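These notes concern the structure reproduced below.
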Amino acid sequence: MQRLTSSETGDDCDSRPVETCDEKILLALTAPERNQFFPSQDLTTIDAVECQSIDPLSISSPDQWSSLLQEIRPTILVSCWGTPRVPYPLVSCGHLPLRYICHAAGSVRNVVPREFIANGGVATNWGGLVGHSVAEHALLLILASLRNLPQWHMALSGDMNRRWGKGPQMGTLSLRGRKVGIHGFGNIARELTRLLKPFDVNCCAYSEGVPVELMRQHGVQPCNSLEELFAHSEVLAECESLTSKSVGIVNEDILKLIPKGGVFVNVARGAIVDQAALDRVARMGHIRVASDVFYEEPLPEDSPLRTNPNVLISPHIGGPTADCFPRCGAFALKNISRYLAGEPLESRITLEIFDRST
């Protein structure tokens, strides 16, 4: 891995090169993470390479984390949600022989410094392994919104409970043949397009920087702008990544472009959408809303979204289901085996992937 000089990092690095040494693996996982991802594995060694484990919850400060890394001197780090951020100056100065960060979960931003990848460090995550799970949840929320699930309790009580034919009164709708728009076109969006095919929908998408040829390869019509996408979508699925450019990009004016009676579903990140505007537009009865993500999670008890009759709230459960975590753990272990054998890795994080991740 290329080593930054002290003038580039601003740290007092010595001039010695990064040392070569035998492989050593450090698992920095909390007990729940280890039980979720590696429920039946003996992780004292991986492919005959020594492993050492540490619970991130026992680390009280960044300084302690740095000291532990310098003491253990891992070449491979297995990380997850609770793992502290790697102090890159230790790596760049040659004080730490870390070369590979195998992240068992999704986004690596909270653990892997961008400079680590830019200067030759290797990082992987679960890649597209859970995209289908999020896409399934998006489809669930789309169907539930079209069938007006937030109003079902009304059909189970009072006078309506004694009537047949409640569907028309509740405004239940079908997905078949509808115009569906997808904002974003990463792995989750592409999985969603596959799930939508049996419904004979007309699917279009928009995502800045994504080649239109990629969308066409998946049978999706590219839109020229976000405004065009929303205006042509009876159902809009928010799947865009959260970047500095996408924060708050879905505002009230954009939401009102959805045809009246349409559906807006967010399985991406809460900060992409103006949440106050989302509440207002839904209360007007202009659209139905279902969201798995919010500015603040869990959603505060006093959030107006909780009392909005046109909003379906999902408690950020669109990620991997319980049965998916062991598969992600097995995938991570297989990647470590590939790395030790000098074989190509799957789901390697490039700078482009890093910059588009959330």
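Could you tell me which residue of segment 200-231 is surrounded by the most Cβ atoms within 10 Å (Cβ to Cβ), considering only residues that are of a type in the set (D, E, K, R) and part of a helix (DSSP H, G or I)?
Applying the filter and picking the extreme gives GLU228.
If a residue has to be surrounded by 10 or more Cβ atoms within 10 Å (Cβ to Cβ) and on the phi > 0 side of the Ramachandran plot to count, how many in segment 42-60 make the cut?
Counting residues in segment 42-60 that are surrounded by 10 or more Cβ atoms within 10 Å (Cβ to Cβ) and on the phi > 0 side of the Ramachandran plot gives 1.
Is it the case that segment 259-280 has a residue that's in contact with a Cys (Cβ under 8 Å, 6 or more places away or on another chain), at pLDDT 95 or above, assigned by TED's automatic domain parsing to the domain that holds VAL122 and among the small types (Gly, Ala, Ser)?
No, segment 259-280 contains no residue that is in contact with a Cys (Cβ under 8 Å, 6 or more places away or on another chain), at pLDDT 95 or above, assigned by TED's automatic domain parsing to the domain that holds VAL122 and among the small types (Gly, Ala, Ser).
So which strands (runs of 3 or more DSSP E) are wholly in segment 63-161 and hold at least 1 residues that are aromatic (Phe, Trp, Tyr)?
Of the strands (runs of 3 or more DSSP E) lying wholly inside segment 63-161, those with at least 1 residues that are aromatic (Phe, Trp, Tyr) span 100-103.
Checking SER337 against (1) more than 19 Å from PHE116 (Cβ to Cβ); (2) surrounded by 15 or more Cβ atoms within 10 Å (Cβ to Cβ); (3) in contact with an Asp or Glu (Cβ under 8 Å, 6 or more places away or on another chain): exactly one of these is not met. Which one?
Just one mismatch for SER337, condition (2).
Filter segment 232-254 down to residues that are part of a loop (DSSP other than H, G, I, E, B) and either in contact (Cβ under 8 Å) with a residue 40 or more places away in the chain or surrounded by 19 or more Cβ atoms within 10 Å (Cβ to Cβ) (or both), then give me how many there are.
Here the count works out to 9.
Could you check segment 268-300 and list, in sequence order, the residues that are in contact with a Gly (Cβ under 9 Å, 6 or more places away or on another chain) and under 18 Å from ARG178 (Cβ atoms)?
Selection gives HIS286, ILE287, ARG288.
On the basis of being buried (at least 16 other Cβ atoms within 10 Å of the Cβ) and outside any helix (DSSP H, G or I), does ILE182 make the cut?
yes
For segment 255-358, which helices (runs of 4 or more DSSP H) that fit wholly inside it have 2 or more residues that are in contact (Cβ under 8 Å) with a residue 40 or more places away in the chain?
In segment 255-358, 325-340, 351-356 are the helices (runs of 4 or more DSSP H) which contain 2 or more residues that are in contact (Cβ under 8 Å) with a residue 40 or more places away in the chain.
Which of the following residues is at pLDDT below 95 and of a type in the set (S, T, N, Q): SER53, SER60, SER79, SER107?
Being at pLDDT below 95 and of a type in the set (S, T, N, Q) holds for just one of SER53, SER60, SER79, SER107, which is SER107.
The values are calculated or read from the model by the stated rules, or taken from the named source; none is laboratory data. Predicted model, so just to flag it, every value in this text is computed and none were measured. Cβ sites come from the backbone with ideal geometry, for glycine too, and all protein chains shown count toward neighbours.
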